[in-house]
Amino acid sequence: MIFTSKKSDDSTIVDLLASSLRRDIAFGTLLPDQKLKINELRTRYGGSNHSMRETLRILSTEGLVEATAQRGFRVTSATEDDVRDIQLVRVEVEKVALARAIALGDVAWEGRVMAAHHALQKAESMAATDPDDLVALEWDEACRAFSYALLQACDSPRLIDLHRKFFDQSRRFRLAQMREGRLDWTARRLRQKGLLDAVLSRNETDALRLLKDDVEAELRH
């Protein structure tokens, strides 16, 4: 029998370090292709050599960090080809997951989708008028929550895990569009409302089309 033990202090530290590095990669504080030196990262974020190496290993599996030939690490590049590839995979994974969620989701799932959409609209209104770093972070989390809520009923932990991985890889591109004023907030609101309506009415064709449009708009380069 396999027993699940309580999470250790070290794994909790790694979780916190990973969250901090994900945020700074997303916000461009850690730049694409920037070398990540263990000692410099420890000075900035804390943790031990072991916990920082484990953090970088985790971020490497998520595609946010790359191991170099010299056995070091760097932030993953951010070329147009990278954006195009992330967009392709996100669309395909999320379309499969959403189609399953529409087929399998119950009334409780519909309620969670509606609540996440409401929270996202409030966050979008703030981000459109006062896009400081805290507002941007809250908006980014609301985007994640709505996207996750849509797919949650797909009944496939592996699809959800793939969604999380590639959603995280796309964060810095979405946040860059916001900081640079390249997001069309009105078009986003209309797409998201249309997507919500299509999901609630179980209109798979319209839902998948609007989902694809939304992902492509977030990752337009």
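The values are calculated or read from the model by the stated rules, or taken from the named source; none is laboratory data. Since the structure is predicted, the reported quantities are computational estimates derived from the model, not experimental observations. Neighbour counts run over all protein chains shown; Cβ positions are idealised from the backbone, glycine included. Surface areas here come from the heavy atoms of the whole protein model, side chains and all, with no ligands, DNA or RNA. Shrake-Rupley method; radii C 1.70, N 1.55, O 1.52, S 1.80 Å.
The residues of the stretch 17-59 that are more than 21 Å from L219 (Cβ to Cβ), among the hydroxyl-bearing types (S, T, Y) and over 15 Å from the mean Cα position of the chain (by Cα), listed by number, are T43, Y45, S48, S51, T55.
Entry remark, the stretch 21-58: residues being surrounded by fewer than 20 Cβ atoms within 10 Å (Cβ to Cβ), within 27 Å of W139 (Cβ to Cβ) and of a type in the set (A, V, I, L, M, F, W, C) number 3 in total. Screening the candidates E138, E204 for the property of being acidic (D, E), farther than 24 Å from D85 by Cα and at pLDDT 95 or above yields one hit, E204.
Residue pairs whose Cβ atoms lie under 7 Å apart, separated by 6 or more positions or on different chains, with the first residue in the stretch 42-66 and under 18 Å from R171 (Cα atoms) and the second polar (S, T, N, Q) and surrounded by 16 or more Cβ atoms within 10 Å (Cβ to Cβ), are G63/T76; G63/Q169; L64/T76; L64/Q169; V65/T76; E66/T76. When each of V75, V83 is tested for being farther than 19 Å from D206 by Cβ, among the hydrophobic types (A, V, I, L, M, F, W, C) and over 15 Å from the mean Cα position of the chain (by Cα), the lone residue that passes is V75. Of a type in the set (A, V, I, L, M), open to solvent by less than 60 Å² (accessible area, probe 1.4 Å) and in contact with a helix residue (DSSP H, G or I) (Cβ under 6 Å, 6 or more places away or on another chain) - does that describe any residue in the stretch 6-15? Among the residues of the stretch 6-15, at least one is of a type in the set (A, V, I, L, M), open to solvent by less than 60 Å² (accessible area, probe 1.4 Å) and in contact with a helix residue (DSSP H, G or I) (Cβ under 6 Å, 6 or more places away or on another chain), which makes the answer yes. Quick check, is A217 among the small types (G, A, S), open to solvent by less than 50 Å² (accessible area, probe 1.4 Å) and in contact (Cβ under 8 Å) with a residue 40 or more places away in the chain? Spelling it out, it is not the case that A217 is among the small types (G, A, S), open to solvent by less than 50 Å² (accessible area, probe 1.4 Å) and in contact (Cβ under 8 Å) with a residue 40 or more places away in the chain. Of the residues screened, R112 is not one that is among the basic types (K, R), within 17 Å of S156 (Cα to Cα) and open to solvent by 40 Å² or more (accessible area, probe 1.4 Å).
When E92, E138, E80 are screened for being closer than 29 Å to T12 by Cβ and open to solvent by 90 Å² or more (accessible area, probe 1.4 Å), only E138 passes. Would you call T43 at pLDDT 90 or above, of a type in the set (V, I, T) and over 26 Å from F167 (Cα atoms)? So T43 passes the test. When R188 is tested against (1) surrounded by fewer than 17 Cβ atoms within 10 Å (Cβ to Cβ); (2) in a helix (DSSP H, G or I), exactly one condition is not met: (1). M126 fulfils the conditions (1) within 18 Å of the chain's Cα centre (by Cα); (2) open to solvent by 30 Å² or more (accessible area, probe 1.4 Å); (3) modelled with pLDDT under 95 except for a single criterion, (1).
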